[in-house]
Amino acid sequence: QVQLVESGGGLVQPGGSLRLSCACSGSIFRILDMGWYRQAPGKQRELVATITSGGSTNFADSMKGRFTISRDNAKATVYLQMNNLKPEDTAVYYCTARLTMDYWGKGTLVTVSS
């Protein structure tokens, strides 16, 4: 059984920063890609960023330059540093990890509001 647990969400003012973490635990042999998706109210889930086991990254265009993704393979943890947050970044952020199949966390809510 594999579990992903996100943390670090909350309320932040526009222009502020947050750092999300996601720890993977359970029957882990090798984690391939890890990443973050988000789902805003009334919208479909969308890609935020992904990172391979070797550290190669991929970002959605709207997040480039503001968000950074990183991972600690020894801790089986992926991070998302979000800077210059905007109200439109408000969403539930989901962590994902690809092992022999894709696993998802339950999500953490990020609210950007003054």
Applying the Karplus parametrisation 6.51 cos²θ - 1.76 cosθ + 1.60 with θ = phi - 60° to the phi angles of the stretch 65-74, what ³J(HN,Hα) value in whole Hz is obtained for each residue in order, glycine and proline being reported as x?
-> x, 10, 10, 10, 10, 8, 8, 10, 5, 5
Between GLN3 and ALA60, what is the spin-label point distance in nm, taking each point 7 Å from the Cα along the Cα→C-beta axis?
-> 2.8
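Indicate, rounded to the nearest 5 percent, the antiparallel portion of the DSSP beta bridges found entirely in the chain.
Numbers: 38 of 41 bridges.
DSSP beta bridges in the chain are roughly 95 percent antiparallel.
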Work out from phi, with θ = phi - 60° and the Karplus expression 6.51 cos²θ - 1.76 cosθ + 1.60, the ³J(HN,Hα) of each residue of the stretch 104-111, listed in order in whole Hz, and give x for Gly and Pro.
-> 10, x, 8, x, 9, 7, 10, 10
Could you give the accessible area per residue of the chain, probe 1.4 Å, as a whole number in Å²?
-> 55
Set of aspartates and glutamates near LYS106 by C-alpha distance (under 12 Å), chain-local residues within fewer than 8 positions excluded | GLU6
Pop out the ³J(HN,Hα) list for the stretch 3-14 in order, Karplus 6.51 cos²θ - 1.76 cosθ + 1.60 with θ = phi - 60°, rounded to Hz; leave Gly and Pro as x.
-> 10, 10, 10, 8, 8, x, x, x, 9, 9, 7, x
Per the chain: cysteines with no other Cys C-beta under 4.7 angstrom?
-> CYS24
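Under a Cβ-only charge scheme (Lys and Arg +1, Asp and Glu -1), can you give me the dipole magnitude of the chain about the Cα centre, in debye to the nearest 20? Can you show the working numbers first?
Details: 12 positive and 8 negative charges, 15 e Å.
Charge dipole of the chain: 80 debye, to the nearest 20.
Considering only protein heavy atoms, with the full assembly of protein chains and a 1.4 angstrom probe, order ARG30, ARG45 by accessible area, largest first. Before the final figure, lay out the partial values.
Values: ARG30 140, ARG45 100 Å².
Of ARG30, ARG45, the descending order of accessible area is ARG30, ARG45.
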By a straight-distance test (C-alpha under 19 Å), which aspartates and glutamates pair with LYS86 as possible cross-link partners, with residues fewer than eight away in the same chain excluded?
-> GLU46, ASP61
Accessible area of the chain belonging to carbon and sulfur atoms, whole % at 1.4 Å probe = 48
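The values are calculated or read from the model by the stated rules, or taken from the named source; none is laboratory data. Model, not experiment: these values are computed from the prediction. Don't worry about glycine lacking a Cβ; one is built from the backbone with ideal geometry, like all the others, and counts go over all protein chains shown. Just so you know, the surface numbers come from the protein's heavy atoms only, side chains and all, with ligands and any DNA or RNA stripped out. Shrake-Rupley method; radii C 1.70, N 1.55, O 1.52, S 1.80 Å.
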